[in-house]
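The values are calculated or read from the model by the stated rules, or taken from the named source; none is laboratory data. Keep in mind that this is a model prediction, so the values were computed, not measured. Neighbour counts are summed over all protein chains in view; Cβ atoms, including those assigned to glycine, are modelled from backbone coordinates with ideal geometry.
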Amino acid sequence: MRYVTAIVLCLTVILTSATASFGDVTTNPSRVVLSEAVRAGEVQVHNSGRHSLNIVASWADIRQGGDGVLHPVPHPPAPDEFGLHMWPTAFTLKPGETRPVFVVLDPKTNVGTEQRIHLRLDADQQNGKGPRWGMSMPVFVRPDGLVNTTRIENVRWASPQSVFVSLFRTNGITPYGKLTMTDDRGKELGALGNITLYANQKIVRYEIPLEAMPQGNITVRYLGSGEFSNQVFDDASLRETKPH
C-alpha cells in the first residue's frame, strides 16, 4: 500500500489511575491523504510497551476554534459520505507487535472537494489495570491538483516575549507545518510546530513565544511539514521591533 511520509505525532493521553507513557503506542504515518490517484492507505500501529493491548479503531470528527485549539465533535459525519472504508476495527497487539489499519476510498467515489474525517484509535491493557490511551489522526480525501490558499493575515505583538500570528485559508488544501520567526540576521527567534488549519474561511490565531530578542525586523514563515515538506505557505514581517 502506498501511504504518506511519516511525521512525528503527539498522542492524546486519557488519564485513569496513572500517567501513561507516550511511547507505548505509536503510529506511522500520522496523516493519511487519499485522492483519485491514491485510493488506499495504511496506518501501522505498534505496541512498544510490556502489556498486550486491545485496540479499537473508529471514526471521529474534530473542529478548530479561533485560538487554534482542536475540539472533538459529538456526532461525526458518516464515512460513507466520503466513500471511506476501514478495517480492522478491533484487534489485539502483543508487546513489540505491529499491525496495520487499512483505509480505502471506494473506487466509485468522485473526489470533488477536500473532505476530512479523523481515524480514532483507543487502546486498553488486557488486564484492565493500566491507563487508557487515545489518539486521532486526520484522513483527507483530496482532488488531485488542489492548491494552497493559506496566508498570514496579520502579525502583531502579543506581549514583550511573544507574537500573535493570524492565519486564513479559503477552500484550498488544508496545510500542515510550523511557524518560525527570524530576525534580519537570519537568527531563529522562536517556533511553534504542529500547525494545521482545519478551519475554513475563518481566522485562526497562534501565539509564538520569543526565545531571543530580534535584531531588526521579525519575519514569520509558515513552513510545510509531512507531505508539504520544503514548501513555504506564506511569510510576513513584523516591522515594529518593540511592543507597544
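Go through the range 230-242 and count every residue that is over 18 Å from the mean Cα position of the chain (by Cα) and either without any contact (Cβ under 8 Å) to a residue 24 or more places away in the chain or exposed (fewer than 14 other Cβ atoms within 10 Å of the Cβ) (or both).
Result for the range 230-242: 4.
Which members of the range 112-134 meet the condition of being modelled with pLDDT under 90 and under 23 Å from Tyr176 (Cα atoms)?
Gly112, Thr113, Gly134
Among the residues of the range 176-196, are any under 30 Å from Val101 (Cβ atoms) and in a loop (DSSP other than H, G, I, E, B)?
Checking the range 176-196: not a single residue is under 30 Å from Val101 (Cβ atoms) and in a loop (DSSP other than H, G, I, E, B).
Looking at this structure, is Asp80 at pLDDT below 90 and farther than 23 Å from Asn171 by Cβ?
Yes.
Looking at (1) assigned by TED's automatic domain parsing to the domain that holds Asp80; (2) surrounded by fewer than 17 Cβ atoms within 10 Å (Cβ to Cβ), find the lone condition where Thr170 falls short.
Only one criterion in (1) assigned by TED's automatic domain parsing to the domain that holds Asp80; (2) surrounded by fewer than 17 Cβ atoms within 10 Å (Cβ to Cβ) is unmet by Thr170, namely (1).
So if I check each of Glu227, Glu207, Glu211, which one is touching a strand residue (DSSP E or B) at 6+ places or on another chain (Cβ under 9 Å), surrounded by fewer than 20 Cβ atoms within 10 Å (Cβ to Cβ) and assigned to a strand (DSSP E or B)?
Glu207
Of Pro175, Pro138, which residue is under 28 Å from Val43 (Cα atoms) and not assigned by TED's automatic domain parsing to the domain that holds Val45?
That would be Pro175, the only listed residue that is under 28 Å from Val43 (Cα atoms) and not assigned by TED's automatic domain parsing to the domain that holds Val45.
Consider Val103 carefully, then state whether it is among the hydrophobic types (A, V, I, L, M, F, W, C), at pLDDT 95 or above, crowded, with 16+ Cβ neighbours inside 10 Å and not assigned by TED's automatic domain parsing to the domain that holds Gln64.
When the stated conditions are applied, Val103 does not pass them.
For the range 161-171, what are the residues that are modelled with pLDDT of 90 or more and of a type outside the set (D, E, K, R)?
Gln161, Ser162, Val163, Phe164, Val165, Ser166, Leu167, Phe168, Thr170
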